[in-house]
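The values are calculated or read from the model by the stated rules, or taken from the named source; none is laboratory data. Note that the structure is predicted; figures quoted are calculated from it, not measured. Counting neighbours? That spans all protein chains shown, and the Cβs are built from the backbone with ideal geometry, glycine included. We work out accessible area using only protein heavy atoms, side chains counted, and drop any ligands, DNA or RNA first. Shrake-Rupley method; radii C 1.70, N 1.55, O 1.52, S 1.80 Å.
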Amino acid sequence: MRSKRHHIVALIIFAVKAVTVPDVCSPALKRKEYSFQGNFHHTINEPLEIVWLRNKTPVSMCQSRMACYDYSDIKTSTTITMSGDGSVQYKLIIRNVTDVDETIWSMKYLGLASLRKQEPLFSCKLFVYEYPAPTLVDCPMMLEENTMLNCTCAKNNETEVDLKYSWFQTNGSLINNGGNVLSLPASKQNSGQECRGQTSTGEESVPVVYDPLIIARAKLLDCVLNSTESGLTLICVAQKVYPSANCDFTVGGNNLPLDPVYIHLPRITEPLYYNTQCSVTLTDLTPGYYDIVVSVYPNVTGSDSDKIYSVKDHFIYKIESDEESRHETNVIFNEVIICLTLCLLILIVILHTTILIRRSINNSKQTVPGLMKGKNEVEKKNVDHNFNDVDHIISDKENIETLINLVLAEPDLNEMGPLLKIKQKEMFEKL
């Protein structure tokens, strides 16, 4: 049972080590001097004692009272300074970098303090190269998305040998587009290319990363205007923009001294971009037409030069006076009455046509020869039916006349009275 428990502990320790990845140190050159330096706060109530490790091998030891001791075979020089507030300044110099130094370097507590804090105070992975980094030529540091990205990787003046330069993606894949010249559409998804130099025997230069700022103007701009009691509220949403956007509002060509309210949210599906919402309220507006232009642009430098990446939306909004509002209401009401009247006239024509068709059908019926009795009965029924139709016509005419008189009685339709009366007379003559 004890053995099995030890295996479990070992697996847990291995898992922790597997996910703990040290930072990458700045690159080092062979046969050159290299240094680690920084500071930390000693907050543990124990004497300060630290040790520097190359991989797992101690290279120097420091105490606040006895300064530092460097092992002579490692060729390092270590210093440490502690101030009264617990701030500790440290520095370790590697006098002559070699391939052996390409490993993990770390600094940890010693003594009782190590029991309180077991993780390193500092740790990084050092990579060692033969030649210095190449030089980037004609490489703009700011580009708009989907424009052509062009950059040339050239030999550093300190490099005496000929190197072959290649461009790589950040994931390590080779970009095969012409050796030391990088040329591709700018995109936030593949930003951050790396140029590496290499000799025919495999010796490498320090890689250099070309990572320009890729600007994305808004792909879509939606704006909504709402009239409220306090004024006119404008809400605009710019989608898929980078960096987060600024908004300008102009009315009639004049910039307004407004302070928009902003909401910047990373896109859920594309976190490299933002969705920006900006809103303002215009107050004290008099009746009339308002020409409103909304301009949204990524906030790159915080200056007016960013407006070259603007996306705009344009509105013409009318604020009506009380008299115009009442007039428009009356016009709508009159139009409704006219439509109803026309519908009634059409209905009269349809009824009149239907009655004429029925009368024509009844008159055209033929009886079978020899059946005189049946003929008389049919003629009698037709006469009764015709009388009934006449009753219906008279009844319908009275109802329709009443409806039209009611419509003509509306005060807003006095001007149409003669026209409707003529139509009414013509219809009754047809009936």
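Quick notes on this structure:
- Annotation for the range 210-227: at least one member residue is within 30 Å of Pro134 (Cα to Cα) and without any contact (Cβ under 8 Å) to a residue 40 or more places away in the chain.
A quick yes/no check of all residues on (1) part of a loop (DSSP other than H, G, I, E, B); (2) hydrophobic (A, V, I, L, M, F, W, C); (3) within 30 Å of Val241 (Cβ to Cβ):
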| position | (1), (2), (3) |
| --- | --- |
| Lys108 | no, no, no |
| Ser114 | no, no, no |
| Leu136 | no, yes, yes |
| Cys139 | yes, yes, yes |
| Glu158 | yes, no, no |
| Val161 | yes, yes, no |
| Tyr165 | no, no, no |
| Thr170 | yes, no, yes |
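- Taken together, the criteria place Val224 among residues that are touching a Cys at 6+ places or on another chain (Cβ under 9 Å), open to solvent by 60 Å² or more (accessible area, probe 1.4 Å) and at pLDDT below 95.
- All of Val88, Val97 fail the test of being surrounded by 18 or more Cβ atoms within 10 Å (Cβ to Cβ), at pLDDT 90 or above and part of a loop (DSSP other than H, G, I, E, B), apart from Val97.
- Yes/no for Pro271 being open to solvent by 70 Å² or more (accessible area, probe 1.4 Å) and either within 16 Å of the chain's Cα centre (by Cα) or of a type outside the set (D, E, K, R) (or both): yes
Here's the yes/no breakdown for (1) touching a Phe, Trp or Tyr at 6+ places or on another chain (Cβ under 8 Å); (2) in contact (Cβ under 8 Å) with a residue 60 or more places away in the chain:
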{"position": "Pro47", "(1), (2)": "no, yes"}
{"position": "Ser60", "(1), (2)": "yes, no"}
{"position": "Ser77", "(1), (2)": "no, no"}
{"position": "Ile80", "(1), (2)": "yes, no"}
{"position": "Val100", "(1), (2)": "no, no"}
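- The range 116-134 - residue that is in a strand (DSSP E or B) and touching a Pro at 6+ places or on another chain (Cβ under 6 Å) and, of those, most open to solvent (accessible area, probe 1.4 Å): Lys125
- Long-range neighbours under 9 Å by Cβ, at least six apart or interchain, first residue within 12 Å of Gln193 (Cα to Cα) within the range 152-177, second assigned to a strand (DSSP E or B) and open to solvent by 100 Å² or more (accessible area, probe 1.4 Å): Ser166/Leu174; Trp167/Leu174; Phe168/Leu174
- Each residue in the range 141-156 was checked for being more than 37 Å from the chain's Cα centre (by Cα) and outside any loop (DSSP other than H, G, I, E, B), and 1 of them qualify.
- Test: residue in the range 161-172 that is farther than 18 Å from Glu204 by Cβ, out of contact with any Asp or Glu (no Cβ under 6 Å at 6 or more places or on another chain) and among the hydroxyl-bearing types (Ser, Thr, Tyr): no
- Residue in the range 176-184 that is in a loop (DSSP other than H, G, I, E, B) and surrounded by 15 or more Cβ atoms within 10 Å (Cβ to Cβ) present: yes
- Identity of the residue in the range 274-294, assigned to a loop (DSSP other than H, G, I, E, B) and either out of contact with any helix residue (DSSP H, G or I) (no Cβ under 8 Å at 6 or more places or on another chain) or within 11 Å of Cys236 (Cα to Cα) (or both), that ends up most open to solvent (accessible area, probe 1.4 Å): Asp284
- Filtered residues of the range 304-333 (kept if among the polar types (S, T, N, Q) and modelled with pLDDT of 90 or more): Ser305, Ser310
- 1 or more residues within 21 Å of the chain's Cα centre (by Cα): qualifying strands (runs of 3 or more DSSP E) within the range 198-248: 213-215, 220-227, 232-241
- Flag if Thr147 is under 27 Å from Gln193 (Cβ atoms) and either touching a residue at least 12 places away in the same chain (Cβ under 8 Å) or open to solvent by less than 50 Å² (accessible area, probe 1.4 Å) (or both): yes
- The one condition from (1) touching a residue at least 40 places away in the same chain (Cβ under 8 Å); (2) open to solvent by 50 Å² or more (accessible area, probe 1.4 Å) that Thr201 does not meet is (1).
- Selection status of Thr301, at pLDDT 90 or above, over 19 Å from the mean Cα position of the chain (by Cα), open to solvent by 50 Å² or more (accessible area, probe 1.4 Å) and among the hydroxyl-bearing types (Ser, Thr, Tyr): yes
- All conditions in (1) modelled with pLDDT under 90; (2) surrounded by 16 or more Cβ atoms within 10 Å (Cβ to Cβ) hold for Asn157, with the sole exception of (2).
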